[in-house]
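Notes for the one structure printed next.
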Amino acid sequence: MTDQTAQNVIDVAVIGAGFSGLYILHRFRQLGLRTEVYERGHGVGGTWYWNRYPGAGSDIESLEYSYAFDENLQQEWEWKERYASQPELEAYLQHVAERFDLLRDIRFGMQVEGMRWLEDRKLWQIAFHDGSEVLCRFCVVATGLLSAPKHVDITGLEDFSGRILHTSSWPHEEIDFSGRAVGIIGTGSTAVQAIPVIAKQAKTLTVFQRTPNFSAPRNNGPLQPDYVRRVKSDYRGWRQKQMNSFGGYVSVDFHAMEPNPNNARDMTPEQRRAEYEFRWKSGGLSFYTSFKDLLFDPEMNEELAEFFREKIRARINDPAVADLLIPRSYPILTKRLCADSNYYETYNRDNVKLVDISTTGISRLVASGVQTGDTVHHLDDVIFALGFDAVTGAAVRIDIRGRDGVTLADAWRDGPHTNAGLMTHGFPNLLFVNGPGSCTGFFNPVLNVQYQGDWFADMISHMQKNGFEAVESTVAADDAWTGKMADIARPTLFWNSSNWYVGSNIPGKPQVMQLYLGGFTSYRDHTTGVAASGYPGFDFM
Ligand code: NAP
């Protein structure tokens, strides 16, 4: 590489200081690369910095939703609960940043406004909100999967005289809901976590629901010392199992995330029922791996949906409220399954009211609250939990200009085109982690970033050895991967609901499957094969 000594040129700029950005910094430093992270927040954490609403936490078990790259770290860090809460995750990432001396290379409060590829110098020029700039050889887009909030498409916000809160940028100070009439709009995973906690504090809580979601109990609780001992006695072995599983975690105690290799259709009704009961008990997201065909076979999918409906009904006292909370209009698992702690039971409280807006929508906010049709719901606080422009949103909102000034937003106008989620043609030396085309979202994102980070480290070592300055994905490789992703997704049921996987939750967004559905092991086989064969599908300069 050249220009190593030029003062204003660094080797690698990383955008984002969440799980992804921190690992990339740590890993790339090991190659001797001068790496800096630019983060718009004022602390590390990414998702776990911004989404600090009451009840926020992960739906992947804490012992597995954590870095595996350092044995001492994973042995010494003590998780409190089966699923980590937001404060615990933020503290963990702060600990990692301190432990590996990462903070000295992270610039906080730095919003990237735009970036352009300087073809003649083979550098990226990055411009920040404060007018400052940096030049770098590689830029890593570590902006997160679910980090660009959906724009609020509801009018009258400026008329409302109460407090407005967004779950995706929750204030750092304590928000006290005591004695207040609170409204929340949205009933996805975020709201499902927040509603039970806020209901306990608020005078009243009004939930505005456009589409009900399916939710399974999370069965959270303090981690038992014996359980932790068992995992830590062979942490490496468990990590291996994770890396060979479909979702990237195995749910150590229950083994419930290990994929059932059978099709539901080949089982008897009794066998299917037994499998679902087992997964209901184990909790959370384990239904995704209960049978192979649930996202392909409408009849089998409907049977699982019916199982959920029965379970949901049993948790709600008022049958009319249960009717509203039970989803009927789309296949289960196509909107991301929620995992809850007392979500449905919360509607049994006297201070909680469910407002069905499936036909009216929200008309607007008015001075005293939220208007639906002719009715005004008087509120002190309105919380928006409207979801995200997922997977591509955070990257395309940045004015990224590659070769010939083409923007990433334009290049991906019909949906993201990537070479195995790693790079995209026309944008040399722009590296994506946990982005479109990767397995993340269907695979543990923490392990995915380690895998992708290590893959990039190997590729950069290859460039260092061979004196290459730049690398770019080929059109053919992007097309092949994008076609493969589409082929896998085409026969699934994801097209039959509005969901963030295919972008249909965002009006006007191209509807394509944004993530690789073929499973991590097949992803790993493909990408390690590419590296081992000298990187076909990548042009080096
Ligand atoms: P989401 O699942 O997309 O839910 C957004 C909610 O807002 C939906 O109920 C949606 O209704 C509603 N909505 C959007 N625009 C609306 C409008 N104009 N009027 C009324 N309602 C509107 O978003 P999320 O809850 O933030 O979750 C997103 C993803 O983040 C999850 O699927 C999950 O992957 C991740 N997440 C994970 C955790 C965890 O691990 N514990 C926690 C939170 C989030 P419609 O369905 O009708 O569009």
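The values are calculated or read from the model by the stated rules, or taken from the named source; none is laboratory data. Everything numeric in this text was worked out from a predicted model, so none of it was measured. With ideal geometry, Cβ positions are generated from the backbone for all residues, glycine too; neighbour counts draw on all protein chains shown. Remember, those area values only see protein heavy atoms, side chains included, never the ligands or the DNA or RNA. Shrake-Rupley method; radii C 1.70, N 1.55, O 1.52, S 1.80 Å.
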query = How high is the relative contact order of segment 388-440, given as a whole-number percent (alpha carbon pairs under 8 Å, six or more residues apart)?
reply = 30
request  = For Cys439, list long-range residues whose amide hydrogen, built 1.01 Å from N in the peptide plane, is under 5 Å from its own amide hydrogen.
outcome  = Tyr516
remark   = Most packed first (mean Cβ within 10 Å per residue), the peptides 427-439, 128-140, 376-388 order as 427-439, 376-388, 128-140
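Using the crude model of +1 on Lys and Arg Cβ and -1 on Asp and Glu Cβ, and no other charge, please compute the dipole size for the chain relative to its Cα centre, in debye to 20. Mind dumping the intermediate values first?
Details: 52 positive and 66 negative charges, 87 e Å.
Dipole magnitude for the chain comes out near 420 debye.
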ask   = What is the packing order of peptides 359-369, 229-239, 197-207, taking the mean over residues of other C-beta atoms within 10 Å and listing the highest first?
value = 197-207, 359-369, 229-239
ask   = When the accessible area of the chain is split by element with a 1.4 Å probe, what percent falls to carbon and sulfur?
value = 49
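Against the 2.2 N^0.38 Å scaling, with N counting residues, where does segment 106-173 land? I'd like the Cα-based Rg ratio to two decimal places. Numbers along the way, then the final one.
Numbers: Rg = 17.4 Å, N = 68, 2.2 N^0.38 = 10.9 Å.
Normalised Rg, Cα atoms only: 1.59.
So if we plug the beta-carbon distance of Asn466 and Val152 into 1/(1 + (r/R0)^6) with R0 = 51 Å, what FRET efficiency do we get, rounded to 0.05? Don't skip to the answer; put the middle values down first.
Working: r = 49 Å, r/R0 = 0.96.
The pair Asn466/Val152 has a calculated efficiency of 0.55.
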inquiry  = Considering only C-alpha atoms, what is the centroid distance from segment 361-428 to segment 66-88, in Å?
reply    = 31
key: Mean shadow area of the chain, taken as a quarter of the surface of its Cα convex hull (nm²)   = 24.8
remark   = Under 5 Å from the placed amide H of Val366, counting only residues 5+ away or on other chains, we find Gln371
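Can you order the peptides 9-16, 442-449, 514-521 by their average number of other Cβ atoms within 10 Å per residue, highest first? Let's see the in-between values first.
Values: 9-16: 23.2, 442-449: 24.9, 514-521: 21.5.
In decreasing order of mean packing, 9-16, 442-449, 514-521 become 442-449, 9-16, 514-521.
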inquiry  = Give the lysines whose C-alpha is closer than 29 Å to that of Lys484, dropping any in the same chain fewer than 8 places away, or say none.
reply    = Lys150, Lys241, Lys292, Lys335, Lys509
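Taking a temperature of 25 °C and a viscosity of 0.890 mPa s, what whole-number D in µm²/s does Stokes-Einstein yield for segment 278-396 with Rh from Kirkwood over alpha carbon pairs? Don't skip to the answer; put the middle values down first.
Working: Rh = 17.1 Å.
After rounding, the answer is 143 µm²/s.
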request  = Could you run the Karplus curve 6.51 cos²θ - 1.76 cosθ + 1.60 with θ = phi - 60° over segment 110-117 and give me ³J(HN,Hα) per residue in whole Hz, x for Gly and Pro?
outcome  = 10, 8, 6, 8, x, 8, 9, 8
query = Per Stokes-Einstein, at 25 °C and 0.890 mPa s, what whole-number D in µm² s⁻¹ belongs to segment 348-479, with the Kirkwood radius over Cα pairs as the hydrodynamic radius?
reply = 132
inquiry  = So if the hydrodynamic radius of segment 42-98 is defined as the Kirkwood radius over C-alpha pairs, what does Stokes-Einstein give as its diffusion coefficient at 10 °C and 1.306 mPa s, in µm² per second?
reply    = 137
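Where both residues lie in the chain, what percent of DSSP beta bridges are antiparallel, nearest 5?
Details: 27 of 68 bridges.
Percent antiparallel among DSSP bridges in the chain is about 40.
Would you work out if segment 215-335 is rounded, prolate or oblate? Take a ≥ b ≥ c from the square roots of the eigenvalues of the alpha-carbon gyration tensor; rounded if a/c is under 1.5, else prolate when a/b is larger than b/c, oblate otherwise.
oblate
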inquiry  = Full-extension gain between Asp350 and Phe278, please, as 0.36 nm times their residue separation minus the C-alpha to C-alpha distance.
reply    = 22.7 nm
inquiry  = In Å², and per residue, what accessible area does the chain have when probed at 1.4 Å with the other protein chains present?
reply    = 39
task = Quick one: which residues, 5+ away or cross-chain, put their amide H under 5 Å from the amide H of His166? H built at 1.01 Å from N.
result = Phe384
inquiry  = Please report the spacing between the Cα centers of segment 302-359 and segment 438-483 in Å, no decimals.
reply    = 41
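Cα-based Rg of segment 1-109 per 2.2 N^0.38 Å, rounded to two decimals? Show your work: numbers first, answer last.
Numbers: Rg = 15.1 Å, N = 109, 2.2 N^0.38 = 13.1 Å.
For segment 1-109, the normalised Cα radius of gyration comes out at 1.15.
When the helix-only estimate is applied to the chain (DSSP H runs of n ≥ 4, each -39,500 (n - 2.57), divided by the residue count), what is the mean residue ellipticity at 222 nm, nearest 500 deg cm²/dmol? Spell out each step's value before the answer.
Values: 16 runs with 167 residues, N = 541.
Mean residue ellipticity at 222 nm (helix-derived): -9000 deg cm²/dmol.
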request  = Please list the equivalent ellipsoid semi-axes of segment 393-541, computed as the square roots of five times the alpha-carbon gyration tensor eigenvalues, in descending order and whole angstrom.
outcome  = 25, 19, 13
query = If you place +1 on the Cβ of every Lys and Arg and -1 on the Cβ of every Asp and Glu, how big does the dipole about the Cα centre of segment 278-367 come out, in debye to the nearest 20?
reply = 360
